[in-house]
Amino acid sequence: MEKKELDEHDEVPIVVPKVDKFGFLKQETNSPEGLKRSKSAIEFEREERRIRKWRKMVGVGGSDWNHYVWRKPHVVKRRIRKGIPDCLRGLVWQLISGSRELLLMNPGVYEQLVVYETSASEIDIIRDISRTFPSHIFFQQRHGPGQRSLYNVLKAYSVYDREGMGFVAGLLLLYMSEEDAFWLLVALLKGAVHAPMEGLYMVGLPLVQQYLFQLDQLVKEHLPKLGEHFAKEMINPSMYASQWFITVFSYSFPFHLALRIWDVFLFEGAIIIFKVGLAVLKYCHDDLIKLPFEKLIYALRNFPADAMNPDMLLPMAYSLKVSKSLDESKEEYMKQNKNLPNEVGQKLQPS
């Protein structure tokens, strides 16, 4: 009896899951990522200086942002392309997307949508929630705070506008509150700053179809040998690039790289998706042109780790000139699809 009582009161060790700095569950650490050494004192001081510069540029709560962007737009663009400090990412994303203004202009709207409205899409939303970043600790617990927040944002947006998406909302929730994430979603899809992206999620995915057509034209123009090989093996962009556009790489690319792409995407628009996609194909070009269909499909969905290095891939992407080609291919696409709604295929922002 005493033995049993002792056993019942024994302390049960608490197992704390190992997560990376972004909150994703760690794999076994024999990977290059897991073996990375900790930051040196010099690197730490460099990062602190960078954060101080950013805090000065942003101001308290974003108070200096618009003034700084107006005075020094090239400095802002250069710093964003180098990556927004993670501690300021949520605030800066709201500032550059136009979502902060939308929130301030619509007080109480988010609460109304979440608490008092019902959505015809609730069953679909519930089904998709567990599929969103399943390896991130914030979204793992069934009916936990992460899944509840994601449900609320997607439900609110489905009431506001019937179309919604999980990975984009999930990414935003890692950096801001539910209400802030909702308004950033609205800003993106309705086009507060850049061309509206709601066509990515409408029935038939009309904007995805246009973007895939444009990407195909870019590959043929910039990487003609690869374009010929794709044609020979009957590979088209819908087989590997749809998720690039639908989730802006948050589904298919390593998270640290996806964040850097999102920094630029929110500031410069959807053109960066084409540039990054073309850059990764260019980097892997010599390997891809040797592969038959089955291996090619696998390679296009599983790029090597060295191709996913943001400090290598992003400068390559920035150097690509694609604006003129994208405008021309958009016109060609619209000629071939005259019955599409006018809002699908807005002009992409120039680089």
All but one of (1) part of a helix (DSSP H, G or I); (2) modelled with pLDDT of 90 or more; (3) under 23 Å from Asp306 (Cα atoms) hold for Phe267; state the number of the condition that does not hold. (3)
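Looking at segment 210-241 only, could you name the residues that are touching a helix residue (DSSP H, G or I) at 6+ places or on another chain (Cβ under 8 Å), of a type outside the set (A, V, I, L, M, F, W, C) and either open to solvent by 50 Å² or more (accessible area, probe 1.4 Å) or not in a helix (DSSP H, G or I) (or both)?
Gln217, Lys220, Glu221, His222, Lys225, Glu233, Asn236, Ser238, Tyr240
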Residues in segment 189-198 that are in contact with a Phe, Trp or Tyr (Cβ under 9 Å, 6 or more places away or on another chain) and part of a helix (DSSP H, G or I): how many? 1
Just give me the residues in segment 69-99 being charged (D, E, K, R) and either free of Cβ contacts under 8 Å to residues at least 40 places away in the same chain or closer than 20 Å to Leu174 by Cβ (or both), in sequence order. Arg71, Lys72, Arg78, Arg79, Lys82, Asp86, Arg89
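Which residues, taken from segment 169-209, are aromatic (Phe, Trp, Tyr), open to solvent by 10 Å² or more (accessible area, probe 1.4 Å) and within 22 Å of Leu103 (Cα to Cα)?
Restricting attention to segment 169-209, the residues satisfying the condition of being aromatic (Phe, Trp, Tyr) are 175, 182-183, 201.
If we keep only those that are open to solvent by 10 Å² or more (accessible area, probe 1.4 Å) as well, we get 175, 201.
Residue satisfying the conditions is Tyr175 alone.
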Could you list, in sequence order, the residues of segment 284-318 that are under 18 Å from Ile84 (Cα atoms), assigned to a helix (DSSP H, G or I) and either of a type outside the set (A, V, I, L, M, F, W, C) or open to solvent by 30 Å² or more (accessible area, probe 1.4 Å) (or both)? Pro310, Asp311, Met312, Pro315, Tyr318
Inspect all residues belonging to segment 196-208 and state whether any of them is at pLDDT below 90, small (Gly, Ala, Ser) and within 29 Å of Asp86 (Cβ to Cβ). no
Could you count how many residues in segment 243-254 are of a type in the set (S, T, N, Q) and open to solvent by less than 30 Å² (accessible area, probe 1.4 Å)? 2
Leu257 being under 25 Å from Lys295 (Cβ atoms), modelled with pLDDT of 90 or more and either open to solvent by 10 Å² or more (accessible area, probe 1.4 Å) or not charged (D, E, K, R) (or both): yes
Those residues of segment 49-95 that are within 15 Å of Arg260 (Cβ to Cβ), among the aliphatic types (A, V, I, L, M) and open to solvent by 10 Å² or more (accessible area, probe 1.4 Å) come to a total of 1
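Kindly indicate which of Ala258, Ala305 is over 19 Å from Met197 (Cβ atoms) and in contact (Cβ under 8 Å) with a residue 40 or more places away in the chain. Steps first, please.
Numbers: Ala258 fails: over 19 Å from Met197 (Cβ atoms).
Result: Ala305 is the single residue among Ala258, Ala305 that is over 19 Å from Met197 (Cβ atoms) and in contact (Cβ under 8 Å) with a residue 40 or more places away in the chain.
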Looking only at segment 221-250, which residues are of a type in the set (Phe, Trp, Tyr) and closer than 22 Å to Lys295 by Cβ? Phe230, Tyr240, Trp244
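The values are calculated or read from the model by the stated rules, or taken from the named source; none is laboratory data. Since the model is a prediction, treat every value here as computed from it, not as a measurement. A quick note on method: Cβ atoms are made from the backbone with ideal geometry, for glycine too, and the neighbour counts reach across all protein chains shown. The area values use the complete protein model at the heavy-atom level, side chains included, leaving out ligands, DNA and RNA. Shrake-Rupley method; radii C 1.70, N 1.55, O 1.52, S 1.80 Å.
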